[in-house]
Amino acid sequence: MNNFSSLKSTIVFRMIIPIMVFIILIECAFSYLVTLHNVNETYDRWLLNSARSLEQEVNVIDQKISVKLSGSALKIFKWDDVGSTYFNIQTESGNILVGDLPLMDKPGQANGQARLFSNILLNGEKLRMVSLNVSAGLPEAVFINVAETLDRRSERFIEMLITDLAPQLFLTLIIGALLYKGVDRVLKPLHKLTDYIAQRSPSDLSPIPDDDVFDEVVALTDTINYLFEKLSNSIASQQRFISNAAHQLRTPLAGLKLQAERAQREQNIETMRPALKQIQNSADNVSHLISQLLVLARSDQIEGRHSFHRLDLLDLTKNICMEWVPKALEKEISLSFESLEKDVFVQADPILLTELLANLLDNGISYGHQQGNILVKIVKQPTPCLILEDDGPGINESECQKVFERFYRIPGTSGKGCGLGLAIVKEIADLHLIDLKIGKSDMGGVQFALNFRQINFD
Ligand SMILES: Nc1ncnc2c1ncn2[C@@H]1O[C@H](COP(=O)(O)OP(=O)(O)OP(=O)(O)O)[C@@H](O)[C@H]1O
Ligand SMILES: [Mg+2]
C-alpha cells in the first residue's frame, strides 16, 4: 500500500527531497575535493619557494660545504603567525649543516627527484614537507628539507570550502522551494477536476470535460468517460428490460384479472370451469416468464458471480437429454444424442450451461413437428463443439439475429413462450466466451452450434 496519502507528498518525499539530497551530497564532495586540491597546490608552492630561498645560502668553501644563515634571515624564515615551520639542510652522508628538523631519510635522493613533497610526523604532529635536492656544483648531494604544520592549510581550507559551498547550497534550497511551489501549480488542474467531479449529481453520467487537463490526466478522464458511457448504456438497457418485463407481465395479469371477474359472475362450478382453465394458463405464463427473467438475471455478466468448473461436456449433455426425453415423447419427437468423442472437458458454470441447453431443447420440442427429430451431438474440431439441430420449421435467415433479442418472438409463433429463451442462450454463451452460430440444419430445421474455447487444464 502507498505510504503517502497525497500525490503532492509523494512527489515531494519521493522525488524532490531525494534529488536535492543527492545534489547537495555531490556538491559537498566535489567542493571538498576541489578546495583540498587548490589549498594543497598553493601552500606546496609556498613551501617550495621557502626551500628555494635557502638554496642560495649553500656554498662551497675550501672544498667543504657550508651554510651561512644570519639570525635575522632565520627569524624571517621561521616566522609563522598560525603554525610552525621547521627546516634542515643535510648532506648525503647524513650531516645536518643547519636547522631544527631531525635528519631526514634522504627522500629526494631516494626517488631520484629534484624535489619531493611528503607528509611526515614530528613529535606526534602531522607536517607537510618538501625535500629539495641541490647537488649541482657541490662535492656531495645536499638536501634542503622544509616542513610546516597543517594549521594554516586547515584554516584556509575551511574558509574556502564555506565560500564555495554556501552560495551553491543557497541556490539548491531556492530551487527546492521553487519545485515545491511548482508541484502545487502542476496539481491545480487535478484539484479543479476533483472539485468538478465532487460537485456533479450522481445521476449525471455526461462526459467529464478534459480541455483544461494534461495529456496524462486525459487518459484518466477518457477511461472514466468510457466507464460512464458503459454505465449509462447499461442503465438504459436495464430500464428498457424492466419496462419490457413489466409490459410482458401486464398481459397475462390482465387476462388473469379478466378471467377471475368472469368466474365470479358464474353461479356454478361447471360454467366457471373455462374461466378457471384460463386463469391456470395465465398463471403458468406468468410463472414461466418469471422463471425466464430470473435465469436472465442470473446470467448477467457480473464479474466473480459465476462458478466456472472443469466439467465433462459429454456427461452433462447426455444427462440433460435424458431428462428431456419424456417431454419430447409427449409430442412423439425422437431426441437422440451422439458423440464419437471421449473426455470432452470444458470450463463452465454447470447451472447456466444446463439452462442454455434446456432452452434450446425446449424450443426444438415446442416448435418442432409432431413425430419430428432432434439430434444433439458433440464433436472436437479441435475445440469442443456442441451441435443441436432439428427437422422443424426452421428460422428464416432474416430472423436469425432477431431471435436472440429479448422478448422477440417470430410473428405468428404460437405457444406460451415469452421470447426470452434464445436471449438467455446468447447471454450464457457470451459469458462462457462460446462462439454461438445459428444456421440451417441438413435435417431441414434449425441448427445451433456452440464452439467452446480451448482450455488448457494441465
Ligand atoms: N428450434 C426452433 N425452430 C423454429 N423456430 C424456433 C426455434 N427456436 C426458436 N424459434 C423461434 O424463435 C423465437 C424466439 O425463441 P425464444 O426461445 O427466444 O423465445 P420463446 O421460445 O418464444 O420464449 P421462451 O423461450 O422465453 O419461453 C421463438 O418464438 C420461435 O419463433
Ligand atoms: Mg424458447
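The values are calculated or read from the model by the stated rules, or taken from the named source; none is laboratory data. Just so we're clear, the structure is a prediction, and the values are computed from it rather than from any experiment. All Cβ positions, glycine included, derive from the backbone under ideal geometry; neighbour counts span all protein chains shown.
Structure values in brief
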read-out	value
Selected residue [aliphatic (A, V, I, L, M) and in contact with a Pro (Cβ under 9 Å, 6 or more places away or on another chain)] from VAL213, VAL186	VAL213
Test: residue in region 340-362 that is closer than 30 Å to GLN238 by Cβ and among the hydroxyl-bearing types (Ser, Thr, Tyr)	yes
Single match in SER31, SER9 (criterion: within 30 Å of ALA166 (Cα to Cα), among the small types (Gly, Ala, Ser) and at pLDDT 90 or above)	SER31
Residues satisfying the stated conditions in region 15-45, i.e. surrounded by fewer than 13 Cβ atoms within 10 Å (Cβ to Cβ) and out of contact with any helix residue (DSSP H, G or I) (no Cβ under 9 Å at 6 or more places or on another chain)	PRO18, VAL21, PHE22, LEU25, ILE26, ALA29, LEU33, HIS37, GLU41, ARG45
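Residue by residue, here is whether (1) within 12 Å of ligand 1 (Cβ to nearest atom); (2) farther than 30 Å from HIS306 by Cα; (3) among the aromatic types (Phe, Trp, Tyr); (4) buried (at least 20 other Cβ atoms within 10 Å of the Cβ) holds:
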| position | (1), (2), (3), (4) |
| --- | --- |
| SER366 | yes, no, no, no |
| THR383 | no, no, no, no |
| CYS400 | yes, no, no, no |
| CYS418 | yes, no, no, yes |
| GLY445 | yes, yes, no, yes |
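Listed here are the residues, each with its yes/no results for (1) farther than 30 Å from SER291 by Cα; (2) surrounded by 15 or more Cβ atoms within 10 Å (Cβ to Cβ); (3) without any contact (Cβ under 8 Å) to a residue 40 or more places away in the chain.
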| position | (1), (2), (3) |
| --- | --- |
| ARG200 | yes, no, yes |
| LEU205 | yes, yes, yes |
| PHE214 | yes, no, yes |
| PHE241 | no, yes, no |
